[in-house]
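Structure first, commentary second.
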Amino acid sequence: MLIAAAVGVLGMVAAVTVSTTPADAAASTLGAAAAQSGRYFGTAIAAGRLGDSNYTTIANREFNMVTPENEMKPDATEPNRGQFNFSSGDRVYNWAVQNGKRVRGHTLAWHGQQPPWMQSLSGSSLRQAMIDHINGVMAHYKGKLYAWDVVNEAFADGNSGGRRDSNLQRTGNDWIEVAFRTARAADPSVKLCYNDYNIENWTWAKTQGVYNMVKDFKSRGVPIDCVGFQSHFNSGSAYNSNFRTTLQNFAALGVDVQITELDIQGASAQTYAAVTNDCLAVPRCNGITVWGVRDQDSWRSGDTPLLFSGNNKKPAYDAVLNALNNAGPGPSNSPSASPSASPSTSPSSSPSASPTRSPLPGGCSATIKTINSWGGGFQSEVTVQAGSSAVNGWTVKWTWPSGQSISSLWNGRQSTSGSSVTVTNESYNGSIAAGGSTTFGFTANGNAATPTATCTSP
Ligand code: G3I
C-alpha cells in the first residue's frame, strides 16, 4: 500500500512537472522526456559500479527505471538451495528507490546464470526448485517492483520457432506457465513479463513462436502482463523497421510491451531514434531500458553500443532525447499508432461460456470464471460478449458476496466501492464485433467466487 501510495505521489509529481512545463519546452533528460508521454527511460545498473561517481551522476540524472544487470538472477539470489541472498539485489534496489526510480526485476526462471546446485537438478526436483525460487525471491521484493522478467530467453534461435532446449524445458513444456502462475500468486501487484532477444523482427520464426505462446496464454488465462524485447541489435541481428509491427501485434494480444535491454552496435543515432519512435507509436509500450550507462559499462563494450562515452553524450543520446521530446503528451496521442492486422482483433466465434443472461440487441453480457485458486486468493477471467450488435465501450459490474477484494486487474479499468466492483474497458478492447467477445482478468483476496455480473454498453 505504501509503495502504491508512493508511486501515486510520484505520478502526481510527474504530472505537476509536465503541466508547469511550457508547451514547447523540451525536457533535458531521458527520464523526464519519456515521462511527458507517460513512459519511463531506464538503464541496467551494476552494483559493482555504484562507487563510481561519474557513473552514478549520469545514471541518477538521466534514468527513472532501473534493472539490476546481474544482481537479481538466480545465481545471485539463491547461491545455495533454500538460502537466499539479497545483498547485491538490495544494493541496486535501494540505490534506485532512494533516488526516486522504479525497478524491473530480472530474472526468475532462466537457463543462464543458474547456481551450480540448480544446474545439476532435473525433472520434478528442478521444477520444485524453480517454484521455490520464484516464491522466495518474489516474497522478498513483494509490492516493491514495477515488473518482473519471470521467464527469460526460453525460445530457440533459428527457424524452428520452438522452445530452447534447457534443463527447465526438459521438466515439461508447461514450465513457463507454471512459472507465471506461481509468480502471480506470489505477488499480484507486479507486472509479469516474458523477456527475450531476437524477437523484434516480425518475420522471424522466434518472434512468431513467442507471439503464439502469449496468444495461447491470454486465451487460457495464464497470467502474463508484458513482453520484454531485449533489443540487442548488431550485424547478426540488425534492427528492422517492422519492429513497430511486432510491438503493435503483441500489444493487440492484451499485453504491455517494453524495450528491456537496448543496445545497438555502433550506436547509430538514426537507429536509436527509430527504436524510440517505434515505442512511442504503440500506446502499450511502457518504456525503454538501455543495457548499461556508458560504453565502458556494456557487456559488449567493444561495440560501443550505448548513449554515453565516458562523461559525454553521444549523437545517439541527442537523437533519443529529441524523439522523446517530439512525442505527444500521452501514450494515446503518440505518433502514427496505425492499427495492425492482428489476429487478436478478430471476434471470437465461440460463445462457449454460458452467459448469466441473454444479451439484448445492442447490449452485452459478462461471465466470471475461476481460473486458479490458492489459500486466501484466486484468479478469475471475465468474458465480455457482445449481443447481436457491435459494442463500442462496456462496463461490467458485480457485488462480492463475502468480503473478496481485487488485488490486480488487467485488460480493464477498475473502480471499487465497498463490495461493488465496476470495470470498464481499456482503450484497446472497448470495441467488440456483434457476437464477438473479449476478456479481462484479475486476482483477488478471499475465497473464490463467481457472482453474477451485469454488462452495459453506451
Ligand atoms: O563477478 C565476476 C567476477 O568476480 C569474475 O572475476 C569475472 C570473471 O569472468 O566474472 C564476473 O562475473 C561476470 C558477470 O557478468 C559480472 O560482470 C560473468 O563472468 C559474466 O558472464 C556476466 O555477464 C553477464 C551476462 O548477462 C551473463 O549471461 C552480463 O554482465 C550481463 O550484462 C548479461 O545480461 C544479459 C541479460 O541478463 C539477458 N539478456 C542478455 C544480456 C546480455 O548477455
- line: Taking the square root of 5λ for each eigenvalue of the C-alpha gyration tensor of the stretch 156-284, the equivalent ellipsoid has semi-axes, largest first and in whole angstrom, of 25, 17, 13
query: So how far apart, in nm, are the two label points at S53 and T399 if each is 7 Å from Cα heading toward Cβ?
result: 6.4 nm
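Order 27-34, 296-303 from most to least packed using the mean count of other Cβ atoms within 10 Å.
27-34, 296-303
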statement: Shape descriptor, the chain: equivalent ellipsoid semi-axes (Cα gyration tensor, sqrt 5λ, whole Å, largest first) stand at 35, 27, 22
query: Using the alpha-carbon centroid of each, what span in Å lies between the stretch 87-119 and the stretch 443-458?
result: 36 Å
field: Whole-Hz couplings from phi, Karplus 6.51/-1.76/1.60, listed for the stretch 95-103; x for Gly and Pro
entry: 4, 4, 5, 5, 9, x, 10, 9, 10
- prompt: Within the chain, what is the number of lysine pairs with alpha carbons under 26 Å apart, leaving out pairs fewer than eight places apart on the same chain?
  reply: 25
task: Before rounding to the nearest 500, sum -39500 (n - 2.57) across all DSSP H runs of length at least 4 in the chain and divide by the residue total; then give [θ] at 222 nm in deg cm²/dmol.
output: -9000 deg cm²/dmol
message: Let me make sure I get this right: for the stretch 45-170, a, b and c are the square roots of the gyration tensor eigenvalues over alpha carbons, sorted descending. Under 1.5 in a/c it's rounded, otherwise prolate if a/b > b/c, else oblate. Which is it?
response: prolate
message: Largest first, please: the extent of the C-alpha atoms of the stretch 49-112 along each principal axis, to the nearest Å.
response: 38, 19, 19
Cα extents of the stretch 95-222 along the three principal axes, largest first (Å): 44, 34, 28
- prompt: Once phi is turned into ³J(HN,Hα) by the Karplus curve 6.51 cos²θ - 1.76 cosθ + 1.60 with θ = phi - 60°, what whole-Hz value does each residue of the stretch 230-244 show in order, with x for glycine and proline?
  reply: 4, 6, 8, 8, 7, 4, x, 9, 7, 4, 10, 5, 6, 4, 5
message: I'd like the orientation of helix 315-325 relative to the chain: the angle between its Cα long axis and the longest Cα principal axis, in ° from 0 to 90, rounded to 10.
response: 30 degrees
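Here, each number is a calculation from the coordinates, and none is a lab measurement. On a predicted model such as this, the values are computed, not experimentally measured, just so you know. Note that each Cβ is placed from the backbone with ideal geometry, even for glycine, and that neighbours are counted across all protein chains shown.
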